[in-house]
Amino acid sequence: MSTSTTTTTTAPAVPPCSRARAAVGRLLIRRALDRLPLQVRMGPDGTLGRGGPAMAVYDPDAFERRIAAEGLIGFGESYLAGEWDARDPVAVLTVLAGHVTGLVPAPLQRLRGLWASRHPASERNTPDGSRTNVQRHYDLSNELFAEFLDPTMTYSSAVFGTLPAGREELAEAQHRKIDMLLDLAGTGSGTRLLEIGTGWGELAVRAARRGAHVVTLTLSREQRELALRRIAAAGLSDRVEVRLCDYREAEGSYDAIVSVEMIEAVGAEYWPVYFATLDRLLAPGGRVALQAITMPHERMLATRDTYTWIHKYIFPGGMLPSVRVVEEMARSHTGLRVVRSEAYGAHYAQTLRLWRERFAERADRVAELGFDATFRRMWTFYLAYCEAGFASGYLDVHQFLLTAEGAGKPAAPPRGGGTR
């Protein structure tokens, strides 16, 4: 999709906040900032922090009122509004990610349910809700993604030979990641492969070149359109079928299933359905290879009901699992078990750095596509925010291999259903 008119992204107004809440918020915010290894210049009021990466707050009153009213959503919105900035936002956000559990006093953490925003019901990952959630991100513009991704059009963590790595290594590193997953799944000549989450088709192309027969599922019309063109250009249309289809609606029996960073869009409510679907579609003796962004289990439990800046602006309906969740969901809802798991979060930080730098370099071209300055600032914050999560260790990424190991298969939840 080419954006023919400007995509207007408006930074929200400073939310209303009572005097008492604003005063308490100001006290807590300044106390927290003054204890961090940062240099925070608060307008004309002086500098907070204990040294380290620098950030400048141009409008302290608006900055503090947003955070008092909206927490970390307000912190991100303040950046969108230009109320604070940093020469190196990743360094600032890495410090914050590394200290996030200590930013809110323990008594207030126990009252999280009273002050943290909740997920809107409209973003539940029902079949219809999933389509809407996916389209809000992935149907923005194929051209937008092409501006900062490498020529493979792969929008997930690469695996580099060595770190740090340069941009010229990114495409090779993406192929390395894809090959690792296809090897985990045992993909070769004649393999009936199901991919859940097509992206722009690179994994399907690479699997078909091994001789596999591929069915790949997506909810994004824009991704499907470009994936079909790329598959045809590779001369592989007879080996790859791209279906506009929810995973819950999939039929068939497959020797291998691969899914790359799609589980994050499933939502905790539907994790049992997702894993039961993997089990239902996998032929006896088959293998499932998953790549998933993960977070520590205790942090996942503490934040699973919290509505975040990323939900509001980038990935509606998203939820990151923990390694323990993947293992427990397989055990409880399938006859499969996790038999291998490998983490490489540092490689995701590197991937995001290369995307972020390219996005900055291509800002004029992104503007020509119709995306305004606030949108570009929003995406700069998004890429930096995610990079910081991996750089700090707050986030990780894993490749999992799941196979049957003789366990009996429990009753699966009804297709399209969920648990609460």
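As a rough footprinting exposure proxy, the listed residues T198, T187, T162 were ranked by other beta carbons within 10 Å of their own, and the order from fewest upward is T162, T187, T198.
Across region 389-400, rounded Karplus estimates of 3J(HN,Hα) from the backbone phi angles (6.51 cos²θ - 1.76 cosθ + 1.60, θ = phi - 60°) give x, 6, 5, 7, x, 5, 10, 9, 9, 10, 9, 10 Hz, Gly and Pro being marked x. For the peptides 20-30, 72-82, 86-96, the ranking by mean Cβ contacts within 10 Å, running from highest to lowest, is 72-82, 86-96, 20-30. Here's how it looks for F371: its modeled amide H is under 5 Å from those of T7, which are all 5 or more places away or on a different chain.
Amide H contacts under 5 Å for V397: T294, Y344, G345, restricted to partners 5 or more places along the chain or on a different chain, H placed in the peptide plane at 1.01 Å from N. Only alpha carbons enter this Debye calculation for the chain, each as an equal point scatterer, and the log10 of I(q)/I(0) it gives at q = 0.13 Å⁻¹ is -1.18.
Taking amide H as placed 1.01 Å from N in the peptide plane, the amide H of V260 sits under 5 Å from that of I196, Q291, each at least 5 places away or on another chain.
Each Cα pair under 8 Å and six or more residues apart adds its separation to the average, and for the chain the resulting relative contact order is 20 percent. How much FRET efficiency would the formula 1/(1 + (r/R0)^6) give for D34 and R340, where r is the Cβ-Cβ distance and R0 is 60 Å, rounded to 0.05? Once the sixth-power term is evaluated, E becomes 0.85.
Residues D238, D183, D139 in ascending order of nearby Cβ atoms (within 10 Å, fewest first): D238, D183, D139. Scalar couplings 3J(HN,Hα) for region 66-80, obtained by applying the Karplus form with A = 6.51, B = -1.76, C = 1.60 to θ = phi - 60°, are 4, 5, 4, 7, 10, x, 5, 4, x, 4, x, 5, 5, 5, 4 Hz; x denotes Gly and Pro. With 0.36 nm allotted per residue and the present C-alpha distance subtracted, the R229-A283 stretch has 16.5 nm of extension available. Put in line by how crowded their Cβ is, counting other Cβ atoms within 10 Å and starting with the fewest, E169, E70 read E169, E70. Take the Cβ atoms of R167 and D372, set R0 to 22 Å, and the FRET efficiency comes out at 0.25.
Any read-out appearing in this document is the output of simple, stated calculations on the displayed coordinates, not a laboratory observation. Remember, it's a predicted structure, so these values are computed and weren't measured experimentally. Because the Cβ atoms are built from the backbone with ideal geometry, glycine has one as well, and the counts that use them run over all protein chains shown.
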